[in-house]
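Report on the following structure.
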């Protein structure tokens, strides 16, 4: 009798557990269907040495999504960001991106991966036929090369060739003024470092043919000790140095090079220096440093940009980085396309995105454009200038000329057989 | 390959001074990490794969201590002691349980702690990279010796590493504690039979190895950007040093570290794209011709 009662109790418990499980598992789907939430999948890097990329990207995207939802969303439909960590591994980025679409019901991919992972996510999106907005990959070929470009793939990020043109023009001018003939480079030894450096030096020589490149140094990505790279630079006796080092690598390099006196009587051009992560980490910013803007709240020096930076800082108790503005702009583009098409359909949104211009704090003239020809961002605030150790860090930036950028980019694309 | 540049360098006093001092600097820091690694292996017979994380922890502890005290020496000492203490706890509650286990299980325990410590660092200090900055005492123009450039801070680092190497040699060869450690390394069963507490010896050696890694992290903190996972690259190089010098040999670690330092400094002039390759080539050659390492004892 007791055994029978125990058996019945067990059966009852099993049934109860099954019912609870069924309700628990089905509840999100029922709820989602009712709310018609627009799910945007966001693969990014949230762990490891470049976790700040994912953190600043996801923070900025969250900020913009919160604004959109607070304003009523798309006819009451709210956006839900589904953020996943790729750990900085391309294969993991591809796996996560696929899972976000196939298992997590995401309709759009906001790809906040570095270039290595970005290309992998790009191919997954092509395969699954979903709209993808790349927000961190600066490798030009992602959108410039027609063999890689897809109709549903967009880039809302700065681009290597744009930076190279603006930086080359600026550095050539400084070289003329200060008579800097002997140049060396020190950049990370991977695709981004090699490509960016080659493009910068190409435009530097175009604008100032008298320049001589006397050597190059290629430390590994995430190298801890730059001593031998620094002494090699000292042996080359350059008058100016260009670097595409970034993040913690650039900080380490500057700290280590400073004690060798590398920056004494030399000009140093680092495309990735003017970002708060580096500027606040380097305790002793030496004189004679020049950089491209990554993100500064004073460039463009407009109330809209300052307000956005302040809002970000108030919300996350942290300063926005380059990846932050790119992700914020990406969400602004996506939500504008949703409103324009009154839909979250990827194909309809893609058609609306092509050629779309939006008001944005990050535009060179208050506007950003998603160029129709190659689905890539143009008209963003890009400039170079000399750095100071304190805010505003770059008090006299030289803004890039988008007419010049576009003309030279067309020639560059022809040389690369992209057109 | 740029052999002309290498020969040009070898014919110039300023280049020789700069590159030799560079090699010694790189080697000195590597030695501090590798010494702990090889000491732990020599006595306990385990490879502490979490050693790079100890180095990372040392750098972060030094960063916090420096921010509180504004004293670099205190920060470095705090890093050494803090990590030594952590290593003691790690040994007592985790490593001790896997000493007699398969090496794969030891690897698994260490790898778990690499991930845990990376996350702990992320929670406590944040995911963004951080920098201590150069202490004021070392913010001065580099020294020019024979036309070569030697930063003042690195002179101090080399002196600190030399002092630690000397202390290690003295402790291991001239003190009773050193004799006990060497005895425990050679014959733990007999050491235990003589009434010596081998568990205490093991724990002390593990903590001391951790202390050295923490101290290295603390000493290097002014010229390193700190980020979760920063211990991995130093771990790889420390393994190369340990293999070249001989697993378990502290003097071998010193020799291996200086050799790697010089390979890197002169290799970057003559073989700028193959520096890493030369390091691994040197390790491969030593493994083939002297598998026990330069100063390691061969199997009897």
- Breaking point among (1) closer than 27 Å to residue B:27 by Cα; (2) more than 9 Å from chain B (Cβ to nearest Cβ), for residue A:193: (1)
- Query: Here are some conditions: (1) over 28 Å from residue B:159 (Cβ atoms); (2) in contact (Cβ under 8 Å) with a residue 40 or more places away in the chain. Residue B:245 meets all but one. Which one does it not meet?
  - Reply: (1)
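Check A:121, A:130, A:96 and return the single one that is at pLDDT 95 or above, more than 14 Å from chain B (Cβ to nearest Cβ), more than 30 Å from residue B:231 (Cβ to Cβ) and touching a strand residue (DSSP E or B) at 6+ places or on another chain (Cβ under 8 Å). Please lay out each step first, then the result.
Values: A:121 fails: more than 30 Å from residue B:231 (Cβ to Cβ); A:96 fails: more than 30 Å from residue B:231 (Cβ to Cβ).
When all the criteria are applied, what remains is A:130.
Would you kindly identify the helices (runs of 4 or more DSSP H) lying entirely within the range B:167-270 that contain at least 1 residues that are within 30 Å of residue B:138 (Cβ to Cβ)?
In the range B:167-270, B:198-220, B:231-245, B:250-270 are the helices (runs of 4 or more DSSP H) which contain 1 or more residues that are within 30 Å of residue B:138 (Cβ to Cβ).
Going through the range B:130-148 one residue at a time, which ones are more than 23 Å from the chain's Cα centre (by Cα) and either facing chain A (nearest Cβ under 9 Å) or part of a strand (DSSP E or B) (or both)? Walk me through how you get there before you give the answer.
Filtering the range B:130-148 down to residues more than 23 Å from the chain's Cα centre (by Cα) leaves B:136-137, B:139-148.
Once the filter is applied, which keeps residues that are more than 23 Å from the chain's Cα centre (by Cα) and either facing chain A (nearest Cβ under 9 Å) or part of a strand (DSSP E or B) (or both), the range B:130-148 yields B:139, B:140, B:141, B:142, B:143, B:144, B:145, B:148.
Residues are listed down the side, and each one gets a yes or a no for (1) closer than 18 Å to residue A:226 by Cβ; (2) in a loop (DSSP other than H, G, I, E, B); (3) out of contact with any strand residue (DSSP E or B) (no Cβ under 6 Å at 6 or more places or on another chain):
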residue	(1), (2), (3)
A:249	yes, no, yes
A:252	yes, no, no
A:278	yes, no, yes
A:287	no, yes, yes
A:308	no, no, yes
A:331	no, no, yes
A:335	no, no, yes
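When you go through B:6, B:37, B:32, B:24 one by one, which is the residue that is touching a residue at least 24 places away in the same chain (Cβ under 8 Å) and away from chain A (no Cβ under 14 Å)? Walk me through how you get there before you give the answer.
Details: B:6 fails: away from chain A (no Cβ under 14 Å); B:32 fails: away from chain A (no Cβ under 14 Å); B:24 fails: away from chain A (no Cβ under 14 Å).
B:37 is the lone residue from the list that is touching a residue at least 24 places away in the same chain (Cβ under 8 Å) and away from chain A (no Cβ under 14 Å).
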- In the range A:347-365, how many residues are more than 18 Å from residue A:163 (Cα to Cα), touching a residue at least 24 places away in the same chain (Cβ under 8 Å), assigned to a loop (DSSP other than H, G, I, E, B) and touching a strand residue (DSSP E or B) at 6+ places or on another chain (Cβ under 6 Å)? 1
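In the list A:238, A:219, which residue meets the criterion of being assigned to a loop (DSSP other than H, G, I, E, B), in contact (Cβ under 8 Å) with a residue 24 or more places away in the chain and away from every other protein chain (no Cβ under 11 Å)?
Working: A:219 fails: away from every other protein chain (no Cβ under 11 Å).
Being assigned to a loop (DSSP other than H, G, I, E, B), in contact (Cβ under 8 Å) with a residue 24 or more places away in the chain and away from every other protein chain (no Cβ under 11 Å) holds for just one of A:238, A:219, which is A:238.
Consider residue A:233 carefully, then state whether it is under 19 Å from residue B:143 (Cβ atoms) and crowded, with 21+ Cβ neighbours inside 10 Å. It would help to see each step written out before you state the result.
Numbers: under 19 Å from residue B:143 (Cβ atoms): yes; crowded, with 21+ Cβ neighbours inside 10 Å: yes.
Considered against the rule, which asks whether it is under 19 Å from residue B:143 (Cβ atoms) and crowded, with 21+ Cβ neighbours inside 10 Å, residue A:233 comes out as yes.
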- Within the range B:188-205, work out how many residues are closer than 17 Å to residue B:91 by Cβ and surrounded by fewer than 14 Cβ atoms within 10 Å (Cβ to Cβ). 3
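Restricting attention to the range A:222-235, report how many residues are assigned to a loop (DSSP other than H, G, I, E, B) and closer than 18 Å to residue A:181 by Cβ. Walk me through it before giving the result.
Applying the first criterion (assigned to a loop (DSSP other than H, G, I, E, B)) to the range A:222-235 yields A:222-226.
This time we only want the ones that are closer than 18 Å to residue A:181 by Cβ, so: none.
So the answer is 0.
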- Go through the range B:274-295 and count every residue that is within 14 Å of chain A (Cβ to nearest Cβ) and over 18 Å from residue B:254 (Cα atoms). 5
- Message: Looking at the range B:94-114, can you tell me whether even one residue there is surrounded by fewer than 18 Cβ atoms within 10 Å (Cβ to Cβ), within 12 Å of chain A (Cβ to nearest Cβ) and either farther than 23 Å from residue B:46 by Cβ or modelled with pLDDT of 90 or more (or both)?
- Response: no
- Query: So which residues in the range A:283-293 are surrounded by fewer than 23 Cβ atoms within 10 Å (Cβ to Cβ) and either more than 17 Å from residue A:185 (Cα to Cα) or at the interface with another protein chain (Cβ under 10 Å from one of its Cβ atoms) (or both)?
  - Reply: A:283, A:284, A:285, A:286, A:287
- Query: For the subset of the range A:241-278 comprising residues that are closer than 21 Å to residue A:176 by Cα and modelled with pLDDT under 90, which member is nearest to the other protein chains (Cβ to nearest Cβ)?
  - Reply: A:264
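The values are calculated or read from the model by the stated rules, or taken from the named source; none is laboratory data. Predicted model, so just to flag it, every value in this text is computed and none were measured. So basically every Cβ, Gly included, is an ideal-geometry build from the backbone, and we count neighbours across all protein chains shown.
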